1. For the stretch 1-61, report the accessible area per residue in Å² (1.4 Å probe, heavy atoms, rounded to an integer).
2. Rounded to a whole number, what % of the accessible area of the stretch 1-64 do carbon and sulfur atoms account for, probe 1.4 Å?
3. Classify the stretch 7-89: rounded, prolate or oblate, from the alpha-carbon gyration tensor (a ≥ b ≥ c, eigenvalue square roots; a/c under 1.5 rounded; otherwise prolate if a/b is larger than b/c)?
4. Tell me the label-point distance for the pair ASP77, ARG31, using the 7 Å Cα-to-Cβ offset, in nm and rounded to one decimal.
5. Between SER51 and GLU22, what is the spin-label point distance in nm, taking each point 7 Å from the Cα along the Cα→C-beta axis?
Amino acid sequence: MCNAVPVFEAKNKLPFFIHQAETEGPVPITRHNQEVAYIVSKSDYDEMRQSASPRKSLVERLQDNRKEFGLEDDDFDLAEFIVSLRDPAEYAGRGSEHIFDDIEVE
(Lines give C-alpha, C1' and ligand atoms only; values in the text may rest on other atoms or scores of the structure.)
Protein backbone atom coordinates (compact mmCIF):
# COMPACT_ATOMS: atom_id res chain seq x y z
CA MET A 1 0.00 0.00 0.00
CA CYS A 2 1.30 3.46 -0.83
CA ASN A 3 1.60 6.50 1.40
CA ALA A 4 -1.55 8.27 2.52
CA VAL A 5 -2.73 11.23 0.45
CA PRO A 6 -4.49 14.34 1.80
CA VAL A 7 -8.00 14.95 0.47
CA PHE A 8 -7.06 18.17 -1.33
CA GLU A 9 -4.23 16.40 -3.18
CA ALA A 10 -6.45 13.45 -4.12
CA LYS A 11 -9.03 15.90 -5.47
CA ASN A 12 -6.48 17.73 -7.58
CA LYS A 13 -4.80 14.58 -8.95
CA LEU A 14 -7.64 12.04 -8.96
CA PRO A 15 -6.75 10.35 -12.29
CA PHE A 16 -3.19 9.78 -11.07
CA PHE A 17 -4.36 8.17 -7.80
CA ILE A 18 -6.95 6.03 -9.61
CA HIS A 19 -4.16 4.68 -11.82
CA GLN A 20 -2.03 4.13 -8.72
CA ALA A 21 -4.86 2.16 -7.08
CA GLU A 22 -5.18 0.00 -10.19
CA THR A 23 -1.47 -0.79 -10.35
CA GLU A 24 -0.22 -0.67 -6.74
CA GLY A 25 -3.26 -1.29 -4.56
CA PRO A 26 -5.54 0.82 -2.35
CA VAL A 27 -4.61 4.48 -1.84
CA PRO A 28 -5.46 5.81 1.65
CA ILE A 29 -7.00 9.31 1.78
CA THR A 30 -6.49 11.46 4.87
CA ARG A 31 -8.19 14.48 6.39
CA HIS A 32 -6.40 16.21 9.28
CA ASN A 33 -3.85 13.36 9.33
CA GLN A 34 -6.58 10.72 9.89
CA GLU A 35 -7.33 8.05 7.28
CA VAL A 36 -10.94 8.59 6.20
CA ALA A 37 -11.25 6.74 2.88
CA TYR A 38 -9.51 4.65 0.25
CA ILE A 39 -9.34 4.75 -3.51
CA VAL A 40 -9.65 1.12 -4.55
CA SER A 41 -9.48 -0.51 -7.97
CA LYS A 42 -12.58 -2.25 -9.27
CA SER A 43 -10.86 -5.63 -9.12
CA ASP A 44 -9.88 -5.10 -5.46
CA TYR A 45 -13.40 -3.92 -4.66
CA ASP A 46 -14.97 -6.94 -6.39
CA GLU A 47 -12.62 -9.25 -4.48
CA MET A 48 -13.59 -7.65 -1.16
CA ARG A 49 -17.30 -7.94 -1.97
CA GLN A 50 -16.92 -11.62 -2.89
CA SER A 51 -15.07 -12.44 0.32
CA ALA A 52 -17.51 -10.56 2.57
CA SER A 53 -20.22 -12.74 4.05
CA PRO A 54 -23.79 -11.65 3.29
CA ARG A 55 -25.48 -9.78 6.11
CA LYS A 56 -28.50 -11.37 7.72
CA SER A 57 -31.65 -9.44 8.50
CA LEU A 58 -32.65 -8.75 12.09
CA VAL A 59 -35.35 -11.43 11.94
CA GLU A 60 -32.86 -14.01 10.62
CA ARG A 61 -30.43 -13.17 13.42
CA LEU A 62 -33.21 -13.43 16.02
CA GLN A 63 -34.25 -16.80 14.61
CA ASP A 64 -30.65 -18.00 14.76
CA ASN A 65 -30.45 -16.89 18.41
CA ARG A 66 -33.69 -18.73 19.20
CA LYS A 67 -32.24 -21.91 17.65
CA GLU A 68 -29.02 -21.46 19.61
CA PHE A 69 -30.99 -21.38 22.87
CA GLY A 70 -33.31 -24.25 21.86
CA LEU A 71 -36.42 -22.08 21.49
CA GLU A 72 -37.27 -22.80 17.85
CA ASP A 73 -39.85 -25.48 18.74
CA ASP A 74 -42.05 -23.42 21.07
CA ASP A 75 -45.28 -21.83 19.83
CA PHE A 76 -43.90 -18.27 19.80
CA ASP A 77 -44.41 -16.64 16.38
CA LEU A 78 -41.48 -14.29 15.90
CA ALA A 79 -42.81 -12.72 12.69
CA GLU A 80 -46.17 -11.98 14.35
CA PHE A 81 -44.38 -10.46 17.34
CA ILE A 82 -42.28 -8.17 15.10
CA VAL A 83 -45.41 -7.00 13.27
CA SER A 84 -47.17 -6.35 16.59
CA LEU A 85 -44.33 -4.07 17.69
CA ARG A 86 -45.15 -1.81 14.77
CA ASP A 87 -48.81 -1.58 15.76
CA PRO A 88 -49.25 0.00 19.22
CA ALA A 89 -53.00 -0.61 18.97
CA GLU A 90 -52.28 -4.33 19.23
CA TYR A 91 -51.47 -3.93 22.93
CA ALA A 92 -53.67 -0.92 23.69
CA GLY A 93 -56.44 -1.64 26.13
CA ARG A 94 -54.87 -4.81 27.51
CA GLY A 95 -54.53 -3.14 30.89
CA SER A 96 -50.81 -3.68 31.23
CA GLU A 97 -48.02 -1.16 31.36
CA HIS A 98 -45.67 -3.26 29.27
CA ILE A 99 -46.26 -5.83 26.53
CA PHE A 100 -44.54 -8.53 28.60
CA ASP A 101 -46.42 -7.83 31.86
CA ASP A 102 -49.06 -10.49 31.19
CA ILE A 103 -46.59 -13.31 30.43
CA GLU A 104 -46.85 -16.13 32.95
CA VAL A 105 -43.59 -17.41 34.35
CA GLU A 106 -43.47 -21.09 35.22
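1. Value for the stretch 1-61: 82 Å² per residue.
2. Taking all protein chains in place, the stretch 1-64 shows 53 percent carbon and sulfur surface.
3. Here the stretch 7-89 falls in the prolate category.
4. Reported label-point gap for ASP77 and ARG31 is 4.8 nm.
5. Reported label-point gap for SER51 and GLU22 is 2.2 nm.
The values are calculated or read from the model by the stated rules, or taken from the named source; none is laboratory data. Note that the structure is predicted; figures quoted are calculated from it, not measured. Here the Cβ is made from the backbone with ideal geometry for all residues, glycine too, and neighbour counts use every protein chain on show. With ligands, DNA and RNA removed, areas are computed over all heavy atoms of the protein, side chains included. Shrake-Rupley method; radii C 1.70, N 1.55, O 1.52, S 1.80 Å.
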